[in-house]
């Protein structure tokens, strides 16, 4: 049987990490946007004589060490007595490590597809397993619970799905321009001194967003956070300033990747696209806001 | 401007009421199903010289006393300084009082549409206002939070959205047969002696469902609950037994309405429809399971 799960890509606009010895209570506060592009996970299950789990990224089989989070999720959900082949094919619309929640998307998609097939877990139990392995392996802190809720989200209480609390902002139709420019290690940033500035600026932004919960305010706060923490600098900041000249709301940096994002109206697109061509940037996926829950179901052709 | 919100109808299969002086902590534990039919709320807002709020059910204007919950929700969300006309048109796919969550659907749809327009509340803040007035006016205890989550849901912690916790069961494609046969006052049942049996049987069913979280198990537990509490009896029980002869899973009673529901496969439908014709029952909406969040947005034609 073939199962497909779709998990939206998730951009963090600003955040406050919340570390905890219990991974289900670890997570983050903050805000972000779920996108109509993201991660598709196809799980094929056939019974056999031996238990095998295989993971592939964008069609290429990967070793266990490269997909440790997804393997750990699969090992925990597949019943111990199961014998057969489980193939987990993960397809990403964004490049890995650029801040679009691929790691959480792969983990959550794997968890939901296997939970759907084996019927031994509830939705929250499966999602908690994905969150746990994300946190334990420092894939991310808040992506899984954000992806579970969709939309423009505010994480008001940290933790795994069912423990943390996620709110949403009402939003009119916006396009989300994304510009993935390079990798940034979440782990390295979280282990560095910048964490103190992130905590201070993140708390400030969260308080201001809850007082005025609009997408427009979110973008202003995101940009303040990105600049005040010093994370948005150099070439990335220069490109952001170029884009700002052409659209109404400030652009900002994807937390955490060398990537930019902006909310804009359909009619603002052509001028921005022209500018990006001038800057020799040709990979800039334009998405919608994904206002739904992740999808999982049997896949027929 | 015209805003539309869609809120799924919600059937409770079994429940445990949780009373609390603070309406945000009151609610219910239990399980139920959100349907692809439900409540559409259209809100039309025009500024003017005076503040007026009008509510209509299925196209007919109703007095404040008849739509007290929706009026209370509107009064709380519409900013005090607003002057103009707010018209709230609620259209229900199911008859009122039959156990399909119309009251919560109207309240939540009103809250989300007004929150969307005025941008002064987050999604959870708006949903909490709907929950609060539902509870204060004994419209229902668990419908609002169940409708916020969609799908086949398990309420594992009681309370308003953001406070209570709702889980979901993975489910293959099922059709939901609904048979609304009459009204039943939630308020009268909750004020009667049967509450003790409801609490005992509801807890038992919840524990068993979490151990084996499947739609099939849900239907068996729902039927046990309905019969063991004595709520399903007489003519309703006779009809349920007739339907059971034709489908794989037991049918059960909608909590709380004189209504029945069943999960069945497409191929089981024709024989059941024939039987319902024999029984002279001709209103039996057939729905899908609504696996999404409520929808809200600007309505253009």
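The values are calculated or read from the model by the stated rules, or taken from the named source; none is laboratory data. Remember, predicted model here, so these are calculated numbers, not experimental data. Reconstructed Cβ throughout: ideal geometry from the backbone, glycine too, with neighbour counts over all protein chains shown.
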When (1) more than 14 Å from chain B (Cβ to nearest Cβ); (2) modelled with pLDDT of 95 or more are applied to residue A:97, the one that fails is (2)
Residue among A:104, A:127 that is without any contact (Cβ under 8 Å) to a residue 40 or more places away in the chain and in contact with a helix residue (DSSP H, G or I) (Cβ under 7 Å, 6 or more places away or on another chain)
A:127
Answer yes or no: is there a residue in the stretch A:134-150 that is assigned by TED's automatic domain parsing to the domain that holds residue A:56, crowded, with 24+ Cβ neighbours inside 10 Å, over 23 Å from residue A:90 (Cβ atoms) and within 17 Å of the chain's Cα centre (by Cα).
no
Conditions (1) more than 10 Å from chain B (Cβ to nearest Cβ); (2) under 25 Å from residue B:165 (Cβ atoms); (3) surrounded by fewer than 22 Cβ atoms within 10 Å (Cβ to Cβ) -> residue A:129 fails only (3)
How do the strands (runs of 3 or more DSSP E) wholly within the stretch A:1-82 filter down when requiring 1 or more residues that are under 26 Å from residue B:170 (Cα atoms): which remain?
A:2-18, A:27-47, A:52-57
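Conditions (1) more than 14 Å from chain B (Cβ to nearest Cβ); (2) surrounded by fewer than 14 Cβ atoms within 10 Å (Cβ to Cβ), marked per residue:
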| position | (1), (2) |
| --- | --- |
| A:205 | yes, no |
| A:210 | no, no |
| A:218 | no, no |
| A:228 | yes, no |
| A:246 | yes, no |
| A:249 | yes, no |
| A:254 | yes, no |
| A:263 | yes, no |
| A:266 | yes, yes |
Looking at the stretch A:139-159, which of its residues are at the interface with chain B (Cβ under 9 Å from one of its Cβ atoms) and out of contact with any helix residue (DSSP H, G or I) (no Cβ under 7 Å at 6 or more places or on another chain)?
A:149, A:150, A:151, A:156, A:157
Listed by first then second residue, the pairs whose first member lies in the stretch A:141-163 and is free of Cβ contacts under 8 Å to residues at least 12 places away in the same chain, whose partner is not in a loop (DSSP other than H, G, I, E, B), with beta carbons under 9 Å and at least 6 positions apart or on separate chains, are none
Over the stretch A:204-233, the set of residues more than 24 Å from residue B:115 (Cα to Cα) and touching a residue at least 40 places away in the same chain (Cβ under 8 Å) is A:225, A:226, A:231
With criteria (1) touching a strand residue (DSSP E or B) at 6+ places or on another chain (Cβ under 7 Å); (2) modelled with pLDDT under 95; (3) more than 17 Å from residue A:253 (Cα to Cα), residue A:190 comes up short on (3)
Going through the stretch B:83-129 in order, the residues found to be on the phi < 0 side of the Ramachandran plot and assigned to a strand (DSSP E or B) are B:85, B:86, B:87, B:88, B:89, B:90, B:91, B:92
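Against the definition (in contact with a helix residue (DSSP H, G or I) (Cβ under 6 Å, 6 or more places away or on another chain), farther than 22 Å from residue A:119 by Cβ and not in a strand (DSSP E or B)), how does residue B:236 come out, yes or no? Reasoning before the result, please.
Values: in contact with a helix residue (DSSP H, G or I) (Cβ under 6 Å, 6 or more places away or on another chain): no; farther than 22 Å from residue A:119 by Cβ: yes; not in a strand (DSSP E or B): yes.
Spelling it out, it is not the case that residue B:236 is in contact with a helix residue (DSSP H, G or I) (Cβ under 6 Å, 6 or more places away or on another chain), farther than 22 Å from residue A:119 by Cβ and not in a strand (DSSP E or B).
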All but one of (1) over 14 Å from the mean Cα position of the chain (by Cα); (2) within 14 Å of another protein chain (Cβ to nearest Cβ) hold for residue A:67, so report the exception by its number.
(2)
Odd one out for residue B:124, checked against (1) more than 14 Å from chain A (Cβ to nearest Cβ); (2) touching a strand residue (DSSP E or B) at 6+ places or on another chain (Cβ under 8 Å); (3) closer than 16 Å to residue B:7 by Cβ:
(1)
Residues (over 30 Å from residue A:117 (Cβ atoms) and surrounded by fewer than 24 Cβ atoms within 10 Å (Cβ to Cβ)) located in the stretch A:6-28:
A:16, A:17, A:18, A:19, A:20, A:21
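Go through the stretch B:130-140 and report how many residues are in a loop (DSSP other than H, G, I, E, B) and touching a residue at least 60 places away in the same chain (Cβ under 8 Å).
Selection size over the stretch B:130-140: 2.
Please verify whether residue A:169 is within 25 Å of residue A:286 (Cα to Cα), in contact with a strand residue (DSSP E or B) (Cβ under 9 Å, 6 or more places away or on another chain) and either within 12 Å of chain B (Cβ to nearest Cβ) or buried (at least 24 other Cβ atoms within 10 Å of the Cβ) (or both), treating the condition exactly as stated. Give the steps one after another, and end with the answer.
Numbers: within 25 Å of residue A:286 (Cα to Cα): yes; in contact with a strand residue (DSSP E or B) (Cβ under 9 Å, 6 or more places away or on another chain): yes; either within 12 Å of chain B (Cβ to nearest Cβ) or buried (at least 24 other Cβ atoms within 10 Å of the Cβ) (or both): yes.
Yes, satisfied.
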Just to verify a result, which residue in the stretch B:281-298, among those that are more than 12 Å from chain A (Cβ to nearest Cβ) and under 19 Å from residue B:106 (Cβ atoms), is surrounded by the most Cβ atoms within 10 Å (Cβ to Cβ)?
B:287
Within the stretch A:239-267, how many residues turn out to be in contact (Cβ under 8 Å) with a residue 40 or more places away in the chain, out of contact with any helix residue (DSSP H, G or I) (no Cβ under 8 Å at 6 or more places or on another chain) and within 28 Å of residue B:119 (Cα to Cα)?
4
Go through the stretch B:193-222 residue by residue and tally those that are under 16 Å from residue B:19 (Cα atoms), at pLDDT 95 or above and not in a helix (DSSP H, G or I).
0
How many of the residues in the stretch B:53-76 are touching a helix residue (DSSP H, G or I) at 6+ places or on another chain (Cβ under 8 Å) and farther than 18 Å from residue B:130 by Cβ?
0
Can you tell me how many residues within the stretch B:172-199 are within 14 Å of chain A (Cβ to nearest Cβ) and surrounded by fewer than 18 Cβ atoms within 10 Å (Cβ to Cβ)?
2
